[in-house]
Amino acid sequence: IGSLAGKRLLIVDADPDVARAMADTLAAAGASPPLIAFSASEAVAQLGAHTVDAAIVNTDLPDDTAAIVAYRLSEQQIPFACTTAPGFRSISARGIAVPVLRRPITRDALLEVLQHLIPPVQAAPDTLTAPNIIAFKPRTV
């Protein structure tokens, strides 16, 4: 998946098995090894220590702390999606609705939502193409 190549993602989920499964999926899709946080405090620490391109946040963190992570991501303008169990509602960060992945999460659904969160990098134009070359003729005296 081209849009994930080399991207640094943060996974915030209290369930280590789920977090590691998502990390493995993202790494297999070409992302840099994802950062994993099992709590809001770990997520905030990761955000302070690393540059993150996007995040996946479980809304079912203990003590309703997912909103803390959502606010921090929103402040840093980092795109994110939420995961949640069926029946739970999404969190929103400062009025901005975010995509929701309901469990069980499929590989395809995870990769699709991240492709929408992380826009593809536009290739820089080739500055040496013929229309951009200016020929100079020496002036004769």
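Note on S41 and A5: the model spin-label points, each 7 Å out from Cα along the C-beta direction, lie 4.0 nm apart. Under the simplified labelling scheme, the R102-Q115 pair shows an inter-label distance of 2.2 nm, with each label point 7 Å from Cα along Cα→Cβ. Peptides 42-48, 13-19, ordered by how many other C-beta atoms sit within 10 Å of their residues on average, highest first, read 42-48, 13-19.
Taken together, the values in this text are just the output of simple stated rules run on the coordinates, not laboratory data. Remember, it's a predicted structure, so these values are computed and weren't measured experimentally. Quick reminder, even Gly has a Cβ in these numbers, built from the backbone with ideal geometry, and neighbours come from all protein chains shown.
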